[in-house]
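The values are calculated or read from the model by the stated rules, or taken from the named source; none is laboratory data. The model shown is predicted, which means the values in this text are computed figures rather than measured ones. Methodologically, a virtual Cβ is constructed for each residue, glycine included, from the backbone with ideal geometry; neighbour enumeration extends over all protein chains shown.
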Amino acid sequence: MPDSADRSVDPSADRAIQSDAAPHVAGGATEEWNAVAVKLITDAALTQEFGFAPTPDAQALYDGALTKLKASKTASQIIDKLSKNPQFVINVIPTRGFPSQFMDEELNVSKKLPGSVIAWYPDSNKTPNGEQGSEIGLIHEMGHAVQYLDNRAWYKTYTRIYYDRLRQDPEVPNSDQRKKNAQLTIENDNVTKHETPVAKELAQGWREKYD
Ligand SMILES: [Zn+2]
């Protein structure tokens, strides 16, 4: 689901189709973490279907964020988990053309980028407890990927309520509240388990709950 005010695009696909985006290999943290399952996408031709392009400096921004995240034990655990699961491909697209968002593989209909998608808006964010670097926005979206990977039935129950609302009659009583509650269930679990522990470990701005 899209992350209001801060960050979070939800793509299923034929994994037999090979994307021409080879996993990028760079030094340090990126080299270790850019395994089969987490792919940085820097080619605008591959993201055209979504209607937005990667930032020109996508590679540098991503490398910088991963290097910072490596200093957090919680972030390292999240990225290790996602990187070591070849059956679960995540395409990471640093972009200023779309709000940050995690799109699980069941929602992704892209032909060019099969798997799940993380759109990452690579700017810092304000929180009630200070400014937080853009790397926290990236780990937030990766946190959603962990929710989907580890607790899929639960995650899909709430994201379906969220997306179904978009097709519901706005006159249905309580439907707005039901949608909001579903979003907050997913988001607050993510903030509590992933975002805020990482933010605190990295001495970044943090929030107690999603707003
Ligand atoms: Zn989120």
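Screening 123, 104, 211 for residues that are crowded, with 20+ Cβ neighbours inside 10 Å, over 21 Å from residue 73 (Cβ atoms) and more than 11 Å from the ligand (Cβ to nearest atom) leaves exactly one candidate, 104. Note on the range 120-147: residues that are in a helix (DSSP H, G or I) and not β-branched (Val, Ile, Thr) total 11. Apart from one condition, residue 196 fits all of (1) among the hydroxyl-bearing types (Ser, Thr, Tyr); (2) buried (at least 20 other Cβ atoms within 10 Å of the Cβ); (3) at pLDDT below 95; the exception is (3).
From 6, 20, grab the single residue that is modelled with pLDDT under 90, within 16 Å of the ligand (Cβ to nearest atom) and part of a loop (DSSP other than H, G, I, E, B).
Matching residue, one of 6, 20: 6.
Among what's in the range 34-70 and is of a type in the set (Val, Ile, Thr) and in a helix (DSSP H, G or I), pick the residue that is surrounded by the fewest Cβ atoms within 10 Å (Cβ to Cβ). Here the residue is 67. Could you identify the single residue in 129, 188 that is polar (S, T, N, Q), within 12 Å of the ligand (Cβ to nearest atom), modelled with pLDDT of 95 or more and surrounded by fewer than 20 Cβ atoms within 10 Å (Cβ to Cβ)? Just a single option satisfies the conditions, and that option is 188. Listed by first and then second residue, the pairs linking a residue in the range 148-177 that is assigned to a helix (DSSP H, G or I) to a residue that is at pLDDT below 65 and exposed (fewer than 14 other Cβ atoms within 10 Å of the Cβ), with Cβ atoms under 6 Å apart and 6 or more places separating them unless they lie on different chains, are 175/168.
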